[in-house]
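Scroll down for the structure; my scribbles are underneath it.
The values are calculated or read from the model by the stated rules, or taken from the named source; none is laboratory data. What you see is a predicted model, and the numbers here were worked out from it, not measured in a lab. Note: ideal-geometry Cβ built from the backbone for every residue, glycine included; neighbour counts use all protein chains shown. Just the protein is used for accessible areas: all its heavy atoms, side chains included, with ligands, DNA and RNA removed. Shrake-Rupley method; radii C 1.70, N 1.55, O 1.52, S 1.80 Å.
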Amino acid sequence: TILIIRNLLKERNRFRFQQRKYVLAIMLLPFWYWLITIFLIHQLRWESLYKSWQGNALIIPCLLVYYLYHLFHNGMLGMKLSSEYYDWSSDIIPIPDNMKYIVHMLKNETAKLRLGMHFVRKLEVPELQEELDVMERSVDHIDEFVRRSREYSGKIFLNLVDVDMKELFETVAAERAARWNGKVVIQTGEKRSLFCDRSHMKEVLSNLAANALDAMGEDGRLTFKFQMQKRGMALICVSDTGCGIPEENISHIFDPYFTKHLDSTHFGLGLAYCQNVIRAHRGYIKVESNTGAKRHGTEFILCMPQRYGERRKRLDQIH
């Protein structure tokens, strides 16, 4: 015990010190209690304390709780568990490996097509220019599909910073709805700062805003809302007054490549990406939609724990 504690004290300024201190408490406390109660008390013949060794029945459950607490908060013995907010109404369906292979193959083939079109254009044959333009638009479409598939299906790495949500809403609205004829409403409370990844969050809001504008057409009401709830939960709401999502489609909207649009700008990856980003922040997405004649529209509610971001911020400062 002396040797272990001596070596531990030499590392007290290192990051591993806390981890080893937790392990030391779990190992030595019941061991020394057992030694004292079995040997010392019996050697001194303190008969009234002969059954004190049974105190380990209380110590061990307490140490188990102690172990589980640090397993969730700081990790221990090379493991770390985390609690996660989970919405049972929707699961993330990962992009299958064969689709990843197809995406990789398409990228290589489009590079060959572009090279071939480049040489054909150099021939300056007027009769071929229209066909080349069609081919170029098709290759551009495939390249965009490949780019989004790679960007939206890859692992989400977070760069957490304090983000002014009102400013972020205004930025997204300016980029997405600048030439739109409808009304944009932004609502935030006094607390409008969220600790999150600004780049990913902006992309999420842009996707949701783009879907909302598609659903409403030339006119309507697009609303961005942010508010802090009790217990450290942050709610980000993006709602529209569009046609709504049919009930039979709601359970599939987060599936990769699921889309009801037939044009070349929708690939069915935006909402799958949004869900991946919110889950990376330990949150979840709720969807409420109506398709009735009098009441119609869709609202996406992003629920995120603010405490998760604060905890990550403290750990980053320690590192």
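Some values worked out for this structure:
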{"read-out": "Pair K183, H42: separation of 7 Å Cα→Cβ label points (nm)", "value": "8.4 nm"}
{"read-out": "Efficiency of FRET from Cβ geometry, L35 and R6, R₀ 22 Å, rounded to 0.05", "value": "0.70"}
{"read-out": "Dmax and Rg, reported as Rg then Dmax, of the stretch 108-259 (C-alpha, Å)", "value": "20.7, 69"}
{"read-out": "Residues S199 and E109, FRET efficiency given R0 of 51 Å [Cβ-Cβ distance, rounded to 0.05]", "value": "0.95"}
{"read-out": "Solvent accessible area, Å² - M79, 1.4 Å probe, full protein context", "value": "100 Å²"}
{"read-out": "Contour minus Cα-Cα distance for C62 and I250 (0.36 nm per residue)", "value": "63.1 nm"}
{"read-out": "Cα-projected label distance for K294 with H118, points at 7 Å along beta-carbon direction, nm", "value": "6.2 nm"}
{"read-out": "Restraint check, K191/K286; K107/K225; K107/K166, Cα-Cα greater than 29 Å", "value": "K107/K225; K107/K166"}
{"read-out": "Cβ-derived FRET efficiency at R0 41 Å, D214 paired with M79, nearest 0.05", "value": "0.35"}
{"read-out": "P(r) histogram, all alpha-carbon pairs of the stretch 118-198 included - 5 Å bins from 0, percent", "value": "3, 11, 11, 11, 12, 13, 11, 8, 7, 6, 4, 2, 1"}
